[in-house]
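The next block holds one structure in the form of structure tokens; read it before the comments.
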Amino acid sequence: MELELRHLKTIRAIAEAGSLTRAATVLGLAQPALSAQLRRIERALGGPLFERGRHGVRTTALGELVLERTRIVLPAVSELQREAARFARSQGEGERAWLRLGGTHGPLLGALVDRLADAAPGTAVTTCASWSERELAEMLKQGRLDFALSGTCGSAPPPDSPHLVWEEIAVDPVFVMLADGHRLARGREIELAALADEQWACVPGDGCFADCFTAACARAGFTPRRMYETDTASCVHLVQVGRAVGLCRATFPPTPGLAIRPLAGTPLMWRHLLGWHPAGQRPGTAATVLAQAREAHAGAAARSDSYAYWLAERRSTLADGLAPVTAPAAGSIPPGQGGG
């Protein structure tokens, strides 16, 4: 017998019900028929999936393995059916009527959704957030996302760049966030070396944060102390209560209890990128989403006083004929570490 989706649904129903009798009721089958079907499934999979007892059934080790895969396969197939139906409807209407957006943590994803609601009011937008740039790139390759907001540090290549299109949205300095009562919070900018005795908070990620940040600290003459790796809200809390300082994008929104300050000399930079699969997008759609992403970034930058100060200082430096601030080729930071 060849295993089918209905067999996986049967296994799931038995496990959830805890007995063949209750599962048979849920599935609308007679118990003898369900028992016979289960025996055929077990023969196909090579062993018993459940142990029968006076009080019901309990999964075997093989049953747990099959159930674990079932919890992945069945939702994935359901999502495939929904996406295929949406795609078929949009093709029948002659226009793509929905977009699936992914992004790492930070303000740009929400801002882009907001702008697309005005720029393309007939388009339904769904979102997927991930800590992993590699996961987002894989979802683009598999056709599970239409566009992804990600980024790179310095001149590092974006995830899976040979197979995907990546366009630059903007390049930002990386700032530091401190409690507004911190001894350094009154300064207009902060030397990285002045933070040598601090503990740090950052968000998870699979980019080059550890290596890049450690290298920047080494150039400043110290090795960073403890690093708390947690979600954005927890990072903000740890900074607000003075337990840590954090690194953030220059576009990090104003937050009560926080002081966002540039790092002197701009030792760390971050390049925002929008990615998509070239076979899955029309040029006009990609151009629209890219333009809206750039506008979303510009809006976030305009709302940041610390970023406005940094830009004004940079323009003043250029006007004085000094060397401009540029993104370093190495030692920059991955996206939004520290919650930004």
Scan of the stretch 284-306 for residues that are farther than 20 Å from residue 274 by Cβ and part of a helix (DSSP H, G or I), ordered by number: 305, 306
Of the residues in the stretch 169-191 that are out of contact with any Ser or Thr (no Cβ under 7 Å at 6 or more places or on another chain) and open to solvent by less than 10 Å² (accessible area, probe 1.4 Å), the one that is nearest to residue 311 (Cα to Cα) is 174
What number of residues within the stretch 245-282 satisfy the criterion of being under 21 Å from residue 112 (Cβ atoms), open to solvent by 10 Å² or more (accessible area, probe 1.4 Å) and not in a strand (DSSP E or B)? 9
Within the set of pairs 6+ apart or on separate chains, which have a first residue in the stretch 299-317 that is within 14 Å of residue 252 (Cα to Cα), a second that is hydroxyl-bearing (Ser, Thr, Tyr), and C-beta atoms under 6 Å apart? 300/251; 301/251; 301/307; 304/251
Qualifying residues in the stretch 136-168 (those that are open to solvent by 70 Å² or more (accessible area, probe 1.4 Å) and free of Cβ contacts under 8 Å to residues at least 12 places away in the same chain) - the one farthest from residue 306 (Cα to Cα): 142
Can you tell me how many residues in the stretch 202-216 are touching a helix residue (DSSP H, G or I) at 6+ places or on another chain (Cβ under 7 Å) and assigned to a helix (DSSP H, G or I)? 1
Please name all residue pairs, on different chains or six or more residues apart, with Cβ atoms under 8 Å, provided the first residue is in the stretch 102-131 and is more than 16 Å from residue 295 (Cα to Cα) and hydrophobic (A, V, I, L, M, F, W, C) and the second residue is modelled with pLDDT of 90 or more and loosely packed, with under 15 Cβ neighbours inside 10 Å. 125/117
Count - residues of the stretch 131-149 that are at pLDDT 90 or above and either under 10 Å from the mean Cα position of the chain (by Cα) or part of a loop (DSSP other than H, G, I, E, B) (or both): 6
Considering residues of the stretch 4-37 that are closer than 14 Å to residue 70 by Cβ and in contact with a strand residue (DSSP E or B) (Cβ under 8 Å, 6 or more places away or on another chain) only, the residue least open to solvent (accessible area, probe 1.4 Å): 14
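The values are calculated or read from the model by the stated rules, or taken from the named source; none is laboratory data. Just so it is clear, the model here is predicted, and its values are computed rather than measured. Positions of Cβ are generated from backbone atoms using ideal geometry, with glycine treated the same way; all protein chains shown enter the neighbour counts. Just the protein is used for accessible areas: all its heavy atoms, side chains included, with ligands, DNA and RNA removed. Shrake-Rupley method; radii C 1.70, N 1.55, O 1.52, S 1.80 Å.
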